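Working notes, structure below.
Derivation of every value follows stated rules applied to the coordinates shown; laboratory data play no part. What you are looking at is a predicted structure, and each value in this text was computed from that prediction instead of being measured. Cβ placement follows ideal geometry from the backbone for every residue including glycine, while neighbour counts extend to all protein chains displayed.
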Amino acid sequence: MGHSLNELGELSAPKIHGGMGFKDLSAFNLAMLGKQGWKFITEPDSLVARIFKACYFPNGTFLTAQIGHNPSYVWRSIMHARFIVRGGAKWSIGSGASIPILNEPWLLNGECIRSDILGAHFVSNFNINSLMNLHDKSWNKHTVRQVFSGDITDKILHTLLISQVDADIVIWKAERNGRYSVCSAYELYVSELVDSSYLWRPGYWTGIWNLKVPPKVEKLTWCICRGCLPTRVRLLDKGVTCPTNCASCDLGYEDFAHVFFACLFAIQVWSTTGLWGSIQHSLSTTASATNAIFSLLQNLSADLSQQLATVIWSIWKHRNLRVWDDVTETSALVVERARNMVLD
């Protein structure tokens, strides 16, 4: 119902930001590919890891490897997901003897010291044990402050050194056990690594999802507020040849604001419910019909919000019966159908 009028990316936005919370399949696929890249790091002695290392990064690691010349499809696919592995990988510092200072995620929260910082050439061949007091496993503050700028110094000195950790190992920062999981990699992708905020829409979306109404009512209310309800005006905008007059009152352009709040039949229905006064107030104090719905959901009681949503659904049901079955209903029947939905 109207989803074809919306881009799939918008459906994968979080519910609290106006989406449907669907999984982004391309992101999920990258998260699964990232798991193979993670194994190159954590299982370097496996046959697959040794083969790929010999072919593509004989003198380095997966995190620093280049795509190379004439790469295989599998390698290109895994490399395409490497940014996820980089985003979630973090060194757990043991001796520090195997962790280069530059371009490795060993700082707090998995950050790196980039090789393009001022003075990077002075530490390019050193590991982080050269910044530590090995006798008590602490940072050599004098050395750190002498080599790095103030902001990098703060990050280094706030990076924990745990005496119980003996070996340098790469852990997955998004899981408590330090092990890569496709689920946490997906969450990392959508929440931190890729900016999808352009798909978000402002509004009181939680008011829709918190309604104690049938899912079809929530879905219709969401479609209305996202602007993807297939009214005649909306269909015409999408290239569908159809009349533009309201199917219920035969007056005015049939956009959603008219169908639910300006149509003479809809006004009669709202007057029967006793909600018309609240609706008029919201329409007069907000910039659009969508904002009016959000305002009503935010200010009405839970019972009245349920009534609002079910009546909206019942009005749309009435409109569809007129269009497709040529059935004419009374306003009392529309209100009664909505009331029964709340009782059920």
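Can you compute the helix-only [θ] at 222 nm over the chain? Use -39500 (n - 2.57) per DSSP H run of at least 4 residues, normalise by all residues, nearest 500 deg cm²/dmol.
On the way: 16 runs with 154 residues, N = 344.
Roughly -13000 deg cm²/dmol at 222 nm, from the helical runs in the chain.
For the chain, the longest principal axis of the Cα atoms and the long axis of helix 302-320 meet at an angle of about 70 degrees. Averaged over residues, the count of other Cβ atoms within 10 Å places the peptides 88-94, 322-328, 11-17 in the sequence 88-94, 11-17, 322-328, highest first.
Taken along the Cα-to-beta-carbon direction at a fixed 7 Å, the label points for residue 55 and residue 177 span 3.0 nm. Each Lys and Arg adds +1 at its Cβ and each Asp and Glu adds -1 at its Cβ; summed about the Cα centre, the stretch 206-343 shows a dipole of about 320 debye. Contact order for the chain, expressed relative to its length and based on alpha carbon pairs under 8 Å spaced 6+ residues apart, stands at 16 percent. Between 142, 206, 120, the Cα set farthest toward the positive side of the dipole of the stretch 93-245 (charges on each charged residue's Cβ, about the Cα centre) is that of 206.
What FRET efficiency comes out for residue 157 versus residue 66 if R0 is 45 angstrom and r is the Cβ-Cβ distance? Round to the nearest 0.05. Before the final figure, lay out each step's value.
On the way: r = 33 Å, r/R0 = 0.74.
The pair residue 157/residue 66 has a calculated efficiency of 0.85.
Counting only alpha carbon atoms, the long axis of helix 331-343 and the longest principal axis of the chain meet at about 40°.
When ranked by the protection proxy of mean other Cβ atoms within 10 Å per residue, highest first, what sequence do the peptides 307-319, 59-71 form?
Details: 307-319: 23.5, 59-71: 13.0.
Sorting 307-319, 59-71 by mean packing, highest first, produces 307-319, 59-71.
Taking the alpha-carbon distance from residue 219 and a cut-off under 25 Å, which lysines remain once sequence neighbours fewer than 8 residues away in the same chain are dropped? Cα-Cα hits under 25 Å: 15, 23, 238, 317.
Using Cα pairs under 8 angstrom and six or more residues apart, how large is the relative contact order of the stretch 202-344, in percent?
Rounded, it is 27 percent for the stretch 202-344.
Projecting label points 7 angstrom from Cα along Cα→Cβ for residue 22 and residue 201 puts them 1.4 nm apart. Here each label is just a point 7 Å from Cα along the line to Cβ, and for residue 77 and residue 271 those points are 6.4 nm apart.
Highest average first, the peptides 174-187, 96-109 ordered by how many other beta carbon atoms sit within 10 Å of their residues are 96-109, 174-187.
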